[in-house]
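Just so it is clear, none of the values below were taken in a lab; they were calculated from the coordinates. None of these values were measured; they are calculated from a predicted model. As a convention, Cβ positions derive from the backbone with ideal geometry for all residues, glycine included, and neighbour counts pool all protein chains shown.
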Amino acid sequence: MASILSKESNVVQDPPFARILFSDTRFAIVWTIIRIFVGWQWLSAGLGKLSNPAWMQTGEALKGFWASAVVVPETGKAPIAFDWYRSFLQGMLDAGAYTWFAPLIAVGEVLVGVALIIGAFVGIAAFFAAFMNWNFIMAGTASTNGLLLVLAILLILAWKTAGHYGADYFLLRLLGTPWGRKSAEQNELVAVRA
């Protein structure tokens, strides 16, 4: 029976299914479709907010969303299940943070959408997409957030190939990865010493 630890290090190897699904460029087309779908959802949501003064100027749209998440007027109960998150939103309301946070959300949604659609820094963009989806779910909004959260997590896992048919094809080769740069620098140092 083969060991799951590589012989060169103490790194646990991914199972073959995970390596094929998340690291093999033959699955890049699947991730491209998912990436563009998720990106379009964020871009269309953000563009609607950019042209809305209640989001970009006053923040009243976000204020209303937070207020309804903290307490529902008809029932007097909040849709938020966790007291700490309810307190967090109440603190944001009390501080008037909706005035600057609403434009931040709108611009963030557009940037995440564009990055996913063009395939630039897919893992990072998918992380922020998942983070926004998680926050919307925590505030009591179901809608499509659950599905988009799962798809964003999958894109995070497939970051190496999700942008293969996109800007990451060039960006990852140009910029490299932190762990790739270190070994390249070490190889140059060893070559110079030899």
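Inter-part distance, segment 18-37 to segment 80-111, computed on C-alpha centroids, equals 33 Å. Size check on segment 27-166: the Cα extents along the three principal axes, sorted descending, read 48, 30, 21 Å.
A dipole drawn for segment 29-177 from +1 and -1 charges on Cβ atoms has a positive end, and of Met92, Phe128, Leu154 the residue lying farthest that way is Leu154.
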